[in-house]
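The values are calculated or read from the model by the stated rules, or taken from the named source; none is laboratory data. Please read these numbers as outputs of a predicted model, since none were measured by experiment. Virtual Cβ from ideal backbone geometry, glycine too; neighbours counted across all protein chains shown. Calculation scope for accessible area: heavy atoms of the full protein, side chains included, ligands and nucleic acids excluded. Shrake-Rupley method; radii C 1.70, N 1.55, O 1.52, S 1.80 Å.
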Amino acid sequence: MLKPATTEQVADIVKLAARLGVGLVPQGGNTSYCGGATPDATGSQIVVSLEGMDRIREIDPVSMTASVDAGAILKNVQDAAAAAGLLLPLSLGAEGSCRIGGNIGTNAGGLSVVKYGMTRDLILGVEAVLSDGTVVSDMRKLRKNNTGYDVKQCFVGSEGTLGIVTGAVLRLAPLPVRRATAWLKLAAGAPLAELLALVRRQSADLLTAFEFMTATSIALATDAMINPPSVGAGPGGAVLIELASSSDHLDLDGLMEAVLGEAMESGWIDDAYLAQSGSQRAAMWEVRETIPEGEKRRNGSVKHDISVPLSAIQRFLELAGLQVRTYAADLELSVYGHVGDGNLHYNVLVPAGVDRIEFSREIESSLSLQLYDIAASLDGTFGAEHGVGRFKRHLLEKYGDAGRVAAMRRIKTAFDPSNLLNAGAVVDPLERDNIR
């Protein structure tokens, strides 16, 4: 493992590796679910850890930007922005350990995509080192820059296969000073897409989160908490909704109550709780954020990072539930996710007393593919926000559009003709004899 402290040192490492033909695997917080920052089994790859490059170079309150090293921990950048009265909208469960370079490499999503978008939407500039040691320095704060190819976006979602990101300029937003947070117990058959559309229509761009959870997911979370709140689910599960504004003049609680009243009149909600304090809001969010830990304590789960169009969410839940029951009626599911952007974490719980690894292999070779088939039939995908890495390359080959995968191979070959950067992740390059 090499731990550079500057972009120049990264460039020196890459130049030496290129001369010697040594493979490099960039690594940030190493929180990937898909093996995107893990070397292969050959022992011929060197990890390049960016953890030593953790500077917050500048917070510009006028331009509303943060210029940071790629190794900066996401939570630290959030805190630095908040100290300047600004918000870095990217927020996810691993924010205390994941790093900006990894967020860029996987195009991380998280809890606020419904309003602010993915990491891709927050990137204004990138600094990166190409496979020959060339430094791409595009750390400008421009909202408008129509001067040819948007090269910085090539590195977003590339998982270190096209270059090693060493810095970034991130778009910030005004810091919310008012929030309204509600926990909704859903009635049986409550249409999630229609409920989301209602909340969006009545609250405009104030909606920042719309998180769905099943009763099983909630129980897993509360069992893992020391002082869980007395929340639960209705027959249709539960939804956590949050409105936020940087203005002191908006009555968000009143707006939330009006929206919930309309939803109740539609028969979609059995009951609802509006957080009356910051501690109540934090407790609601803790339930949502503790679900993955609850799954681990229960013997783990086989994770499926599904994305489908908003209009197809209900249909996916119906078809996937039927498929699971057909496969094995006694399997338990933990289903939750960022329904506001069409992302469901559709996880199969590992039964007690069963070997987790063997069970995962069995599910991933059979039921998982059936679930991905359903998602694909609804114009969805197997990878919403976790990336491809090494573990899901075969899924990209199976479900990816052939033309798009071919284009990805050409891009990989153009950026990294010797296949030295994170070889084995995301996509293989073109064979040299086939390059035209």
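Take every DSSP beta bridge whose two residues both sit in the chain, then give the antiparallel share in percent to the nearest 5.
85
Using only Cα atoms, what is the ratio of the radius of gyration of region 3-65 to 2.2 N^0.38 Å?
My calculation over the Cα atoms of region 3-65 gives 1.40.
Report the percentage of all Cα-Cα pairs in region 219-311 whose separation exceeds 16 Å, rounded to a whole percent.
So the portion of pairs separated by more than 16 Å is 67 percent.
Please give the contour-minus-distance gain from S277 to L322: 0.36 nm per residue of separation, less the Cα-Cα distance, rounded to one decimal in nm.
12.2 nm
Could you work out how far helix 367-377 tilts from the main Cα principal axis of the chain, as a 0 to 90 degree angle to the nearest 10?
90
Relative contact order for region 1-149: what is it in percent, counting Cα pairs under 8 Å that are at least 6 residues apart?
22
How big is the dipole moment of region 1-99 about its Cα centre under a simple scheme where the beta carbon of each Lys and Arg is +1, that of each Asp and Glu is -1, and everything else is neutral? Debye, nearest 20, please.
Here region 1-99 has a charge dipole of around 200 debye.
Explain nothing, just the number: relative contact order of region 270-417, from Cα pairs under 8 Å at least 6 residues apart, as a whole percent.
27
Using a 1.4 angstrom probe and counting only protein chains, how large is the accessible area of V165 in Å², to 10?
Solvent-accessible area, nearest 10 Å²: 20 Å².
Using only the Cα atoms of region 283-436, what semi-axes does the equivalent ellipsoid have when each is the square root of 5 times a gyration tensor eigenvalue? Give whole Å, largest first.
Ellipsoid half-lengths, sorted descending, are 32, 18, 16 Å.
How do the peptides 35-41, 72-78 rank, highest first, by the average count of neighbouring beta carbon atoms within 10 Å per residue?
So the order, starting with the most tightly packed, is 72-78, 35-41.
Quick one: helix 278-297 against the long Cα principal axis of the chain, what's the angle to the nearest 10°, folded into 0 to 90?
Between the helix axis and the principal axis of the chain, the angle is about 60 degrees.
Tell me, what does the Kirkwood hydrodynamic radius of region 46-199 come to in angstroms if you use every pair of distinct C-alpha atoms?
16.7
Arrange the residues H249, H386 by how much accessible surface each exposes, largest first, with a 1.4 angstrom probe.
Ranking H249, H386 by accessible area, largest first, yields H249, H386.
What fraction of the DSSP beta bridges in region 1-93 is antiparallel, stated in percent and rounded to the nearest 5?
40
Whole number please: convex hull volume per residue of the Cα set in region 288-337, in Å³?
87
Taking 45 Å as R0, compute the FRET efficiency from the Cβ-Cβ separation of A204 and S366 and round it to 0.05.
Computed FRET efficiency for A204 and S366: 0.50.
Could you tell me which of S368, S246, A384 has its Cα farthest along the dipole of the chain towards the positive end, charges placed at Cβ (Lys, Arg +1; Asp, Glu -1), taken about the Cα centre?
A384
Can you pull the one-decimal nm distance between simple spin-label points at D373 and A402, each 7 Å off the Cα toward Cβ?
2.0
Using a 1.4 Å probe on the protein chains only, how many percent of the accessible area of region 244-373 belongs to carbon and sulfur?
Answer for region 244-373: carbon and sulfur cover 47 percent of the accessible area.
For I226, tell me the accessible area in Å² from a 1.4 Å probe, rounded to the nearest 10.
Accessible surface of I226 is approximately 150 Å².
To the nearest 20 debye, what is the magnitude of the charge dipole of the chain about its Cα centre, counting +1 on the Cβ of each Lys and Arg and -1 on the Cβ of each Asp and Glu?
Dipole of the chain, to the nearest 20 debye: 1060 debye.
Can you compute the label reach from S311? Point 7 Å from Cα along the Cβ direction, backbone N cut-off under 20 Å, restricted to region 336-377.
Output list for this probe position: 339-344, 374-377.
So which of K75/K141; K115/K144; K15/K398; K296/K398; K75/K296; K3/K392 end up more than 25 Å apart, counting from Cα to Cα?
Where the Cα-Cα span goes over 25 Å, the pairs concerned are K15/K398; K296/K398; K3/K392.
Relative contact order of the chain, please, whole-number percent, based on alpha carbon pairs below 8 angstrom and at least 6 residues apart.
17
With springs only between Cα atoms under 10 Å, which of L371, L331, L88 fluctuates most in a Gaussian network model of the chain?
Sorting by GNM fluctuation, first place goes to L331.
Measure nothing but the geometry: give the 0 to 90° angle between the long axis through the Cα atoms of 215-224 and the longest principal axis through the Cα atoms of the chain, rounded to 10°.
Rounded to the nearest ten degrees, it is 70.
Have a look at L310, L420, L142 and tell me which one the Gaussian network model of the chain (Cα, springs below 10 Å) gives the largest fluctuation.
Comparing L310, L420, L142 in a Gaussian network model of the chain, the most mobile one is L142.
Cα centroid distance between region 198-240 and region 315-338, in Å?
Computed from Cα coordinates, the inter-centre distance equals 19 Å.
Using a simple charge model, +1 on the beta-carbon of Lys and Arg, -1 on the beta-carbon of Asp and Glu, nothing else, what dipole does region 45-176 show about its Cα centre, in debye to the nearest 20?
For this selection, approximately 420 debye.
For region 113-222, what % of the accessible area comes from carbon and sulfur atoms, probe 1.4 Å?
51
State the answer as a single residue: which of G340, A263, T119 lies farthest towards the positive end of the charge dipole of the chain, with beta carbon charges of +1 for Lys and Arg and -1 for Asp and Glu, about the Cα centre.
It is T119, whose Cα lies furthest towards the positive end.
Which whole-number value in Å² is the accessible area per residue of the chain, probe 1.4 Å?
Solvent-accessible surface per residue comes out at 44 Å².
Towards the positive end of the charge dipole of region 116-257, with charges on Cβ (+1 Lys, Arg; -1 Asp, Glu), say which of C154, M139, M213 has the farthest Cα.
Result: M139, furthest along the dipole toward the positive end.
Expressed as a whole percentage, what fraction of the accessible surface of region 1-99 belongs to carbon and sulfur atoms when a 1.4 Å probe is rolled over the protein heavy atoms?
Of the solvent-accessible surface of region 1-99, carbon and sulfur hold 53 percent.
Applying 1/(1 + (r/R0)^6) with R0 = 30 Å to the Cβ-Cβ distance of A84 and E8, what FRET efficiency is obtained, to the nearest 0.05?
Using R0 = 30 Å, I get an efficiency of 0.60.
What does the extension gain come out to for R120 and K75, with contour length at 0.36 nm per residue minus their alpha carbon separation?
Extending this stretch completely gives an extra 14.4 nm.
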